Structure formats: structure tokens, C-alpha cells
Amino acid sequence: MKLLPDLRNKAVILKLLAVAVLVIVVGLFAFQLGSNDKKNNPSGSQDTNKVSLPPSGIDYPSGWKEVGSTTSANKASGVIAEAVRSNPDATVIVREESGGDLAKDFDINKLPDEVVSRFKQEVENFSLISKSVVKVGSFQAAKVDYKEKESGNTVLSNTMFIVPTGKKTYYIKYQTTAELSKIGDDITAINTRLAEYIKSHAS
């Protein structure tokens, strides 16, 4: 199966800011934006240098296959796991970022709005479906569901979970050419398993 284009190529690694919410949002866009974004990479060149990813140990549901390699930029920005499925085509990419302790006044309830605000500025043809604060295992997470239109009028459905744990933040992005409901059970199952991974690696 050919992987979906978003997040397969990436050249933008944004500098971390000091404010807790902005640190997480900036990290999100280091993860989200690809080198095929003309606003950030006018030459249109792509990062095709593949590097290996060690096995994550995540037990994916039937039909999903862990990808053993990623772009060098993805790995440099903290991507720790990728997996794909077909029928419908979908991907999940997980990124881990170490950023020190969260500020004492950090408010998870503000994070979805911050993420949506930046998506509206940075993601072409962004269309919000929903935003909320949810649980990924025992962890609170910001969740943003949205659609975007790629070149050739391909509409991609995305759901992004941002999981701050204190010393680390995890970004979990699912993307599919179908409706998100078609992979809803898989998202629940993978997140349950990722929560165990996060619990054992967050400190």
C-alpha cells in the first residue's frame, strides 16, 4: 500500500518556545508540516533519505503493519513508530518529544483551541470537524479531528492526539482517505496500547 503523503516527508523542525502551551503547539507543527508544503519549502524538494526505526513493541490490531523505516527528518524530530493499513488506506505516526516539566499553570483545556488556531494558519484547506479534551489511557489529551485537501483534490481525514505527560509530550496522528469512523475501532485499540507504552516511557 502506498503511504499517504502527509508526514511522509518533512523538513520543518520549529524551535521550541518557553511557554508550555506554545511549546506543545510548536512541537505539533514540527510533526505536522511536510517538506512538500510550498510555503515552507519553495523548491518542492522532498526528504527521501530513509532510516530504520527500531521495533516499538506496540501490538497493532489485525490489518495494521508496523513500518520499519521513516524519513531522516521524521526520526530526527522524534518519530518513534509508524504503521499502515489498507482497505481503507490509513496511517498512524507517533512522535515523542522531551521538553522538560510542564509549567504549573498549564491548562490542557486551552490546548485544542491553540492547535486549531495554528492549523487554520498553517494547514492549507483546513476544515475542522471537532476539538475536545479526551483520555488516552489514564492521560488527558487534546484531540483535533479535521480534513484537508491535497493536490489532485484528494481529501484526507485526520485525527491528532497531543498527550502531555510532564517531562514528555506524545503526538499521535491518524490519517485516512476514508471517513474517520471507518477506522474508529482501530484508533481506540491502538490508543489503548499506546497508553501502556507512554506509561512505561514517559518519565
The residue that is farthest from S72 (Cα to Cα), considering only those in the stretch 106-135 that are without any contact (Cβ under 8 Å) to a residue 12 or more places away in the chain and of a type outside the set (K, R), is S117
Give the residues of the stretch 151-178 that are small (G, A, S) and part of a strand (DSSP E or B), sorted by residue number. S157
Among the residues of the stretch 19-31, is there at least one that is of a type in the set (A, V, I, L, M), more than 20 Å from T177 (Cβ to Cβ), at pLDDT below 50 and assigned to a loop (DSSP other than H, G, I, E, B)? yes
Residues of the stretch 121-150 being more than 22 Å from D185 (Cβ to Cβ) and either in contact with a Cys (Cβ under 6 Å, 6 or more places away or on another chain) or assigned to a loop (DSSP other than H, G, I, E, B) (or both), in sequence order, are V123, E124, N125, F126, E150
Extreme residue, surrounded by the most Cβ atoms within 10 Å (Cβ to Cβ), among residues of the stretch 141-159 that are more than 16 Å from the chain's Cα centre (by Cα) and touching a residue at least 12 places away in the same chain (Cβ under 8 Å): E150
Qualifying residues in the stretch 160-171 (those that are modelled with pLDDT under 95 and in contact with a Lys or Arg (Cβ under 9 Å, 6 or more places away or on another chain)) - the one surrounded by the fewest Cβ atoms within 10 Å (Cβ to Cβ): T165
Let me confirm something: among A178, A195, A189, which residue is farther than 19 Å from D107 by Cα, surrounded by 13 or more Cβ atoms within 10 Å (Cβ to Cβ), touching a Gly at 6+ places or on another chain (Cβ under 7 Å) and not basic (K, R)? A195
Inside the stretch 58-77, can you point out the residues that are in contact with a helix residue (DSSP H, G or I) (Cβ under 8 Å, 6 or more places away or on another chain) and either on the phi > 0 side of the Ramachandran plot or among the polar types (S, T, N, Q) (or both)? G63, S77
Going residue by residue through the stretch 134-156, is there one that turns out to be within 25 Å of N87 (Cβ to Cβ), touching an Asp or Glu at 6+ places or on another chain (Cβ under 6 Å) and of a type outside the set (K, R)? yes
The correct count of residues that are exposed (fewer than 13 other Cβ atoms within 10 Å of the Cβ), modelled with pLDDT of 95 or more and either in contact with a His (Cβ under 8 Å, 6 or more places away or on another chain) or of a type in the set (D, E, K, R) (or both) in the stretch 94-134 is 0
Those residues of the stretch 93-110 which are among the aliphatic types (A, V, I, L, M) and either touching a helix residue (DSSP H, G or I) at 6+ places or on another chain (Cβ under 6 Å) or more than 22 Å from A202 (Cα to Cα) (or both), in sequence order: L102, A103
Just one listed residue, out of P42, P55, P61, is at pLDDT 85 or above and either within 16 Å of the chain's Cα centre (by Cα) or not charged (D, E, K, R) (or both), and it is P61
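The values are calculated or read from the model by the stated rules, or taken from the named source; none is laboratory data. Quick caveat, the model's predicted, so the values are computed rather than measured. Using ideal geometry, Cβ is built from the backbone for each residue, glycine included, and neighbour counts are taken over all protein chains shown.
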